[in-house]
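Colleague: Take a look at this one; I'll ask things after.
The values are calculated or read from the model by the stated rules, or taken from the named source; none is laboratory data. Worth saying up front: this structure is predicted, and the values here are computed from it rather than measured. Positions of Cβ are generated from backbone atoms using ideal geometry, with glycine treated the same way; all protein chains shown enter the neighbour counts.
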């Protein structure tokens, strides 16, 4: 039931104070409260009746309405019994938070309003129950989303689709859908959104607008303008979105054996495991043995896009190649078989760029390695992570650095056997790390800063906030512990490479 319908129930004595533009909201239930903060008891869509007993000072109006807005209630109705009419501060707070405000005539009991509205809601729910159960039965019976959408198409006469954020048609009336529809979903300021393309109007709905970022969500597409639909058809979209969300959760591999094995493989590569042990795990993940692999590393720079959602984005981009994807320290890492697709890195690059409109204030940084054989997987992951760090330094919404953009020394290091790289790093840096740990000093950071400024004593001392003499003492201690001379170019290069291998 929509709020607009309540105004037609003249026996309820409801009058609209403010919020005429929001009257198409649906009412899910009626709740009566006189708590200043009842939000923890709300789940969204409630028609809230209040006698204003909580109102002790004008500022309480803002507090009360802000709490209800956060809980996503449908509207508020204030009784006239206490103040005669809703206070102006209450109306102002409702306008600010876009919450429709009704007044209830003092002659009408709240119980009458509650009983009348809930009776109408129950009748509507009973009428829809058979169809709801039938759609759910079809899904459980194995028909999948395709059969559900076909039923919706036959019932409503409207073609409909479920589409991923990169434009893949997950299920639908047909496989053909303009790319512009995907772009419209990502860039829309508010959902649902009506989009017109080539004379056809499409209505776009998020599957999980509140719980999933736009770039990782699926969305519903209907080939018609939802603003022209009757109430029961609009109500169907929420139900259908819930069914689609369940299906997406069922397909999420994180709790499956394959998903757990993929995470274990990524963890193994990030550890000190030997190449032979890594290769033995490949086939268990479903990735399979192949001649060549790519590694992809990706992060988002804000909490609006969580690491698990970045992981989902990589899986979606590579959905047809069964990638092994995991998350380590907030960074999503994917391994994928190149197979016969020679331009796989181009495909990843294009897909990431198409997501830019959906990032809004976030930024997505991605690094892509070169192709390697099974023994080079750790080097490929390190190369992808290094490329991702370079991408993150760019001030761009989507930044992708591929292996051919990396410095030549990183390509060289990625091709060196794991044991050689580990021994090289340990021999040079372990004496310094151990000394730092035992003495609470900062020799490793001092060395890194010294090399970054090309050995400039003054610049290094300024960056570290040290006296030059203190810096000279630290450099001398580094040389004593490592038996190297930082005035020699070759020793500086060795230290630079060892630091890059961390």
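Colleague: Against the definition (modelled with pLDDT of 90 or more and either surrounded by fewer than 21 Cβ atoms within 10 Å (Cβ to Cβ) or within 26 Å of residue 2 (Cβ to Cβ) (or both)), how does residue 230 come out, yes or no?
Modeller: no
Colleague: Return the total of residues in the stretch 182-216 being more than 19 Å from residue 170 (Cβ to Cβ) and out of contact with any strand residue (DSSP E or B) (no Cβ under 7 Å at 6 or more places or on another chain).
Modeller: Final tally of qualifying residues: 9.
Colleague: Working only within the stretch 305-340, note down all residues that are out of contact with any strand residue (DSSP E or B) (no Cβ under 9 Å at 6 or more places or on another chain) and closer than 19 Å to residue 391 by Cα.
Modeller: Within the stretch 305-340, 328, 329 meet the criteria.
Colleague: Having 2 or more residues that are under 27 Å from residue 233 (Cα atoms) is the bar; report the helices (runs of 4 or more DSSP H) wholly within the stretch 1-120 that clear it.
Modeller: Working: elements: 3-6, 59-70, 88-97.
Fully inside the stretch 1-120 and qualifying: 3-6, 59-70.
Colleague: Something else now. Which numbered condition trips up residue 263, out of (1) in the same structural domain as residue 165 (by TED's automatic domain parsing); (2) touching a strand residue (DSSP E or B) at 6+ places or on another chain (Cβ under 8 Å)?
Modeller: (1)
Colleague: In the stretch 58-76, is there at least one residue being over 17 Å from residue 20 (Cβ atoms), touching a helix residue (DSSP H, G or I) at 6+ places or on another chain (Cβ under 7 Å), surrounded by 18 or more Cβ atoms within 10 Å (Cβ to Cβ) and touching a residue at least 60 places away in the same chain (Cβ under 8 Å)?
Modeller: no
Colleague: Follow-up question, since we're still on this one. Count, please, the residues in the stretch 464-473 that happen to be part of a helix (DSSP H, G or I) and within 44 Å of the chain's Cα centre (by Cα). So that I can check it myself, show each step before the final result.
Modeller: From the stretch 464-473, those part of a helix (DSSP H, G or I) are 464, 468-473; that's our starting set.
If we keep only those that are within 44 Å of the chain's Cα centre (by Cα) as well, we get 464.
So the count comes out to 1.
Colleague: Only one of (1) surrounded by 22 or more Cβ atoms within 10 Å (Cβ to Cβ); (2) part of a helix (DSSP H, G or I) is not met by residue 390, so which one is it?
Modeller: (1)
Colleague: Can you spot a residue in the stretch 136-146 that is modelled with pLDDT of 85 or more and not assigned by TED's automatic domain parsing to the domain that holds residue 47? Quick ask: steps written out before the conclusion?
Modeller: First, the residues of the stretch 136-146 that are modelled with pLDDT of 85 or more: none.
Within the stretch 136-146, none of the residues are modelled with pLDDT of 85 or more and not assigned by TED's automatic domain parsing to the domain that holds residue 47.
Colleague: Tell me, which residue of the stretch 202-226 that is out of contact with any helix residue (DSSP H, G or I) (no Cβ under 9 Å at 6 or more places or on another chain) and more than 30 Å from residue 307 (Cα to Cα) is surrounded by the most Cβ atoms within 10 Å (Cβ to Cβ)?
Modeller: Initial filter on the stretch 202-226 (out of contact with any helix residue (DSSP H, G or I) (no Cβ under 9 Å at 6 or more places or on another chain)): 210, 223, 225.
Okay, now just the ones that are also more than 30 Å from residue 307 (Cα to Cα), so 223, 225.
Details: 223: 18, 225: 13.
Applying the filter and picking the extreme gives 223.
Colleague: Sticking with this one: Only one of these is modelled with pLDDT of 80 or more, in a helix (DSSP H, G or I) and more than 17 Å from residue 78 (Cβ to Cβ): 129, 149. Name it.
Modeller: Details: 129 fails: modelled with pLDDT of 80 or more.
Step by step, each of 129, 149 is checked, and only 149 is modelled with pLDDT of 80 or more, in a helix (DSSP H, G or I) and more than 17 Å from residue 78 (Cβ to Cβ).
Colleague: If you scan the stretch 474-502, which residues turn out to be assigned to a helix (DSSP H, G or I) and surrounded by fewer than 12 Cβ atoms within 10 Å (Cβ to Cβ)?
Modeller: Keep residues of the stretch 474-502 that are assigned to a helix (DSSP H, G or I), which gives 474-482, 489-500.
Residues satisfying the conditions are 476, 480, 489, 490.
Colleague: Of all the residues that make up the stretch 436-462, how many are touching a helix residue (DSSP H, G or I) at 6+ places or on another chain (Cβ under 7 Å), closer than 20 Å to residue 500 by Cα and either outside the structural domain of residue 486 (by TED's automatic domain parsing) or assigned to a helix (DSSP H, G or I) (or both)?
Modeller: The total comes to 10.
Colleague: Something else now. Going by what's in this entry, would residue 265 be described as part of a helix (DSSP H, G or I), under 15 Å from residue 374 (Cβ atoms) and touching a residue at least 12 places away in the same chain (Cβ under 8 Å)? Walk me through it before giving the result.
Modeller: On the way: part of a helix (DSSP H, G or I): yes; under 15 Å from residue 374 (Cβ atoms): yes; touching a residue at least 12 places away in the same chain (Cβ under 8 Å): yes.
So residue 265 fits the description; yes.
Colleague: For the stretch 221-230, does any single residue satisfy the condition of being free of Cβ contacts under 8 Å to residues at least 60 places away in the same chain, under 22 Å from residue 352 (Cα atoms) and either assigned to a strand (DSSP E or B) or not assigned by TED's automatic domain parsing to the domain that holds residue 375 (or both)?
Modeller: For the stretch 221-230, residues free of Cβ contacts under 8 Å to residues at least 60 places away in the same chain, under 22 Å from residue 352 (Cα atoms) and either assigned to a strand (DSSP E or B) or not assigned by TED's automatic domain parsing to the domain that holds residue 375 (or both): absent.
Colleague: State which residue is modelled with the highest pLDDT when the search covers only the stretch 92-114 and only residues that are surrounded by 16 or more Cβ atoms within 10 Å (Cβ to Cβ), out of contact with any helix residue (DSSP H, G or I) (no Cβ under 8 Å at 6 or more places or on another chain) and under 15 Å from residue 74 (Cα atoms).
Modeller: 103
Colleague: Restricted to the stretch 407-429, and to residues that are modelled with pLDDT under 70 and touching a helix residue (DSSP H, G or I) at 6+ places or on another chain (Cβ under 6 Å), which residue is surrounded by the most Cβ atoms within 10 Å (Cβ to Cβ)?
Modeller: That would be 414.
Colleague: Same structure, new question: Every residue in the stretch 156-167 that is closer than 23 Å to residue 239 by Cβ and in contact (Cβ under 8 Å) with a residue 12 or more places away in the chain, please. Spell out how you get there, then give the answer.
Modeller: Restricting attention to the stretch 156-167, the residues satisfying the condition of being closer than 23 Å to residue 239 by Cβ are 156-165.
Matches in the stretch 156-167: 156, 158, 159, 160, 161, 162, 163, 164, 165.
Colleague: Something else about it: Hey, does the stretch 115-123 have a residue that's within 23 Å of residue 22 (Cα to Cα), outside the structural domain of residue 233 (by TED's automatic domain parsing) and at pLDDT 80 or above?
Modeller: Yes, the stretch 115-123 has at least one match.
Colleague: Here's something else I'd like to know. Just to be sure, is residue 330 closer than 25 Å to residue 258 by Cβ, under 16 Å from the mean Cα position of the chain (by Cα) and either buried (at least 23 other Cβ atoms within 10 Å of the Cβ) or not assigned by TED's automatic domain parsing to the domain that holds residue 187 (or both)? Outline the logic, then answer.
Modeller: Details: closer than 25 Å to residue 258 by Cβ: yes; under 16 Å from the mean Cα position of the chain (by Cα): yes; either buried (at least 23 other Cβ atoms within 10 Å of the Cβ) or not assigned by TED's automatic domain parsing to the domain that holds residue 187 (or both): yes.
Yes.
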